[in-house]
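This report concerns only the one structure given below.
No lab work stands behind these numbers, since they all come straight from the coordinates. Owing to the predicted nature of the structure, the values given are computational and were not obtained by experimental measurement. Positions of Cβ are generated from backbone atoms using ideal geometry, with glycine treated the same way; all protein chains shown enter the neighbour counts.
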Amino acid sequence: MTLNLRVMAPNRIVWNSEAQEIILSTNSGQIGILPNHAPLLTALDIGIMKIRINSQWSTMALMGGFAMIENNQLTILVNEAEKASDIDPEEAQKTFEATQDNLNKATGRKQTIEANLAFQRAKARLEAVNANPASAYN
């Protein structure tokens, strides 16, 4: 039994395929979704999503949004998403370090909020690249 997963960003469809299991980062923690999941609408946090197709796991960085599941159809609307396979690991590490420095140097509320958001996005990209594709629970 499978789920139909569709991930959509404002300018493109990022993912559209069948999957056996999905793990999402929501605002209240991680949730796992299997076929025949109860209907659900949830906000997504900046973080990673793991997708299992047969015995293979894929990882994607999601930059916040919403997920809706109903009748084995999972629709995810995101501000932006990147497949781990499309992320350059060296660039992701450099960006993470730079945003960490900017966050430490931020002064004032607005600058701190903006630096924190940039840091969270960079962290999600780095986690997507470094996730162990053989396991969902790392």
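Looking at (1) touching a Pro at 6+ places or on another chain (Cβ under 9 Å); (2) of a type in the set (Phe, Trp, Tyr); (3) part of a helix (DSSP H, G or I), find the lone condition where PHE96 falls short.
Unmet for PHE96, out of (1) touching a Pro at 6+ places or on another chain (Cβ under 9 Å); (2) of a type in the set (Phe, Trp, Tyr); (3) part of a helix (DSSP H, G or I): (1).
SER58 fails exactly one of the following numbered conditions: (1) outside any strand (DSSP E or B); (2) in contact with a strand residue (DSSP E or B) (Cβ under 6 Å, 6 or more places away or on another chain). What is the number of that condition?
Failed condition: (1).
Sort out which residues of the range 24-46 are buried (at least 18 other Cβ atoms within 10 Å of the Cβ) and over 13 Å from ILE69 (Cβ atoms), and write them in order of number.
At the first step, the residues of the range 24-46 found to be buried (at least 18 other Cβ atoms within 10 Å of the Cβ) are 24-25, 33, 44-46.
Correct list: SER25, ASP45, ILE46.
Within the range 13-38, which residues are in a strand (DSSP E or B) and on the phi > 0 side of the Ramachandran plot? Let's see the steps before the verdict.
Quick first cut of the range 13-38, residues in a strand (DSSP E or B) only: 13-19, 21-26, 29-33.
Selection gives GLY29 alone.
Can you name every residue in the range 1-23 that is more than 13 Å from THR59 (Cα to Cα), surrounded by fewer than 18 Cβ atoms within 10 Å (Cβ to Cβ) and either in contact with a Pro (Cβ under 9 Å, 6 or more places away or on another chain) or without any contact (Cβ under 8 Å) to a residue 24 or more places away in the chain (or both)?
Answer for the range 1-23, where residues must be more than 13 Å from THR59 (Cα to Cα), surrounded by fewer than 18 Cβ atoms within 10 Å (Cβ to Cβ) and either in contact with a Pro (Cβ under 9 Å, 6 or more places away or on another chain) or without any contact (Cβ under 8 Å) to a residue 24 or more places away in the chain (or both): MET1, THR2, ASN11, ARG12, ILE13, ASN16, GLN20.
Among the residues of the range 68-81, is there at least one that is without any contact (Cβ under 8 Å) to a residue 60 or more places away in the chain, under 18 Å from ALA131 (Cα atoms) and part of a loop (DSSP other than H, G, I, E, B)?
No, the range 68-81 contains no residue that is without any contact (Cβ under 8 Å) to a residue 60 or more places away in the chain, under 18 Å from ALA131 (Cα atoms) and part of a loop (DSSP other than H, G, I, E, B).
Considering every residue within the range 88-98, establish whether at least one is over 19 Å from ILE33 (Cα atoms), polar (S, T, N, Q) and in contact with a helix residue (DSSP H, G or I) (Cβ under 7 Å, 6 or more places away or on another chain). Let's see the steps before the verdict.
Just the residues of the range 88-98 that are over 19 Å from ILE33 (Cα atoms), to begin with: 88-98.
Checking the rest, the ones that are also polar (S, T, N, Q) come to 93, 95.
With in contact with a helix residue (DSSP H, G or I) (Cβ under 7 Å, 6 or more places away or on another chain) added as a condition, the list becomes 93, 95.
Checking the range 88-98: at least one residue is over 19 Å from ILE33 (Cα atoms), polar (S, T, N, Q) and in contact with a helix residue (DSSP H, G or I) (Cβ under 7 Å, 6 or more places away or on another chain).
Looking only at the range 75-90, filter to residues that are of a type in the set (D, E, K, R) and surrounded by 12 or more Cβ atoms within 10 Å (Cβ to Cβ); which one of those is farthest from the chain's Cα centre (by Cα)?
So in the range 75-90, the residues of a type in the set (D, E, K, R) come out as 80, 82-83, 86, 88, 90.
In the following step, the residues that additionally are surrounded by 12 or more Cβ atoms within 10 Å (Cβ to Cβ) were identified as 80, 82-83, 86.
Details: GLU80: 9, GLU82: 8, LYS83: 9, ASP86: 13 Å.
The qualifying residue farthest from the chain's Cα centre (by Cα) is ASP86.
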